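First up is the structure itself, then whatever we jot down about it.
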Amino acid sequence: MRKIIIAGNWKMNNTISQAQDLIAALIKNGGDMHKVEVIVAPPFTALRSVYDILGQSSVHVAAQNLFWEESGAYTGEVSPMMVKEAGCKWVIIGHSERRQIFGETDETVNKRTAAALGSELKPIVCIGETLEERDAGQTFDVLHRQLDGGLKGLTEENMAKITIAYEPVWAIGTGKTATPAQAQEAHEKIRAKLSSMFGAGVAEKVRILYGGSMKPANALELLSLPDVDGGLIGGASLKAHDFVDIIKAGIEAEKL
Ligand code: PGA
């Protein structure tokens, strides 16, 4: 049984005070949130204040990125221990915006993932094809390449601590969602690839999240798919009401 994860990726949104308001609204309206695994990923500056407000709540905090060195002359970077001490249990790695805007590669994804594991942070490793790649029939080659490169050198034990997020780039922030058939097909192929890399036992347990314009209106359908084990939500995670509705869809899907 793979427990559903509902993770909110706030991206570069919310100052400390705005983050505090959003998290307070989430706690107030979240109901039975503990029935699924709820994660929020605020920007670095708001991590600690969000963590402090969460207190005993079941919601966990994720960083949106980290650097692989422990400390040193890396202006602008943040280390695993820094985000850990700010309250993070999780970290998003290799988001398509990092890949496309900031030149992240499978190799740097691999280094960050290994560094996160070394500090006992749980990585959410993002993969996904662009529209051109899908149209050219390259979707699964791209996903395989990203998995081979991003997870290179990791052990079965490592993989048991990793979550994958399948986020078709053409669906992120566009309002265009993968159809249930497209999502299920990609997730199934990802699990099969993980099985060939780490064994069937590990692959069966790995949670694979879907990301890309997940909203209250489409969440239940996507979250009910056999190989979709949760969602990584951008835009809709910035409105407490929408995020709570997606959490409710997750609780509903968990029962199916
Ligand atoms: P979106 O973003 O829900 O706004 O499409 C998802 C993501 O980038 O993680």
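Quick rundown of the values:
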item	result
Evaluation of residue 116 against (1) in contact with a strand residue (DSSP E or B) (Cβ under 9 Å, 6 or more places away or on another chain); (2) within 20 Å of residue 167 (Cα to Cα) (one fails), failing number	(2)
Hits in the range 74-97 - residues which are away from the ligand (no atom under 16 Å from the Cβ), among the small types (Gly, Ala, Ser) and more than 27 Å from residue 55 (Cα to Cα)	76
Meets criteria (of a type outside the set (Asp, Glu), more than 16 Å from the ligand (Cβ to nearest atom), open to solvent by 30 Å² or more (accessible area, probe 1.4 Å) and under 21 Å from residue 233 (Cα atoms)) for residue 71	no
So residue 113, is it surrounded by 16 or more Cβ atoms within 10 Å (Cβ to Cβ), more than 24 Å from residue 1 (Cα to Cα) and of a type outside the set (Gly, Ala, Ser)	yes
Subset tally (residues that are under 15 Å from the mean Cα position of the chain (by Cα) and within 16 Å of the ligand (Cβ to nearest atom)) for the range 151-170	7
Candidates 178, 186 - the one that is touching a Pro at 6+ places or on another chain (Cβ under 9 Å), within 21 Å of residue 100 (Cβ to Cβ) and at pLDDT below 95	178
Matching residues in the range 172-187 - criterion: being assigned to a loop (DSSP other than H, G, I, E, B) and either of a type in the set (D, E, K, R) or surrounded by 20 or more Cβ atoms within 10 Å (Cβ to Cβ) (or both)	172, 176, 177, 178
In the range 76-85, the residues that are open to solvent by less than 20 Å² (accessible area, probe 1.4 Å) and among the small types (Gly, Ala, Ser)	79
Of residues in the range 188-214 being open to solvent by less than 10 Å² (accessible area, probe 1.4 Å) and not in a helix (DSSP H, G or I), the one farthest from residue 147 (Cα to Cα)	214
Tabulated pairs, the range 140-169, first modelled with pLDDT of 95 or more, second part of a helix (DSSP H, G or I) and among the aromatic types (Phe, Trp, Tyr), C-beta under 6 angstrom, 6+ apart or interchain	156/198; 159/198
Counted residues, the range 120-141 - those being open to solvent by less than 20 Å² (accessible area, probe 1.4 Å) and in contact with a helix residue (DSSP H, G or I) (Cβ under 9 Å, 6 or more places away or on another chain)	8
Of all residues making up the range 98-108, the number that are touching a helix residue (DSSP H, G or I) at 6+ places or on another chain (Cβ under 9 Å) and either of a type in the set (A, V, I, L, M, F, W, C) or within 16 Å of the ligand (Cβ to nearest atom) (or both)	4
Any hit, the range 91-111, residues being touching a strand residue (DSSP E or B) at 6+ places or on another chain (Cβ under 8 Å) and modelled with pLDDT under 95	no
Per-region count, the range 198-256, residues touching a strand residue (DSSP E or B) at 6+ places or on another chain (Cβ under 9 Å), of a type in the set (Lys, Arg) and within 14 Å of the ligand (Cβ to nearest atom)	1
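The values are calculated or read from the model by the stated rules, or taken from the named source; none is laboratory data. Only a predicted model underlies this, so the values are computations on that prediction, with no experimental measurement involved. Reconstructed Cβ throughout: ideal geometry from the backbone, glycine too, with neighbour counts over all protein chains shown. Surface areas here come from the heavy atoms of the whole protein model, side chains and all, with no ligands, DNA or RNA. Shrake-Rupley method; radii C 1.70, N 1.55, O 1.52, S 1.80 Å.
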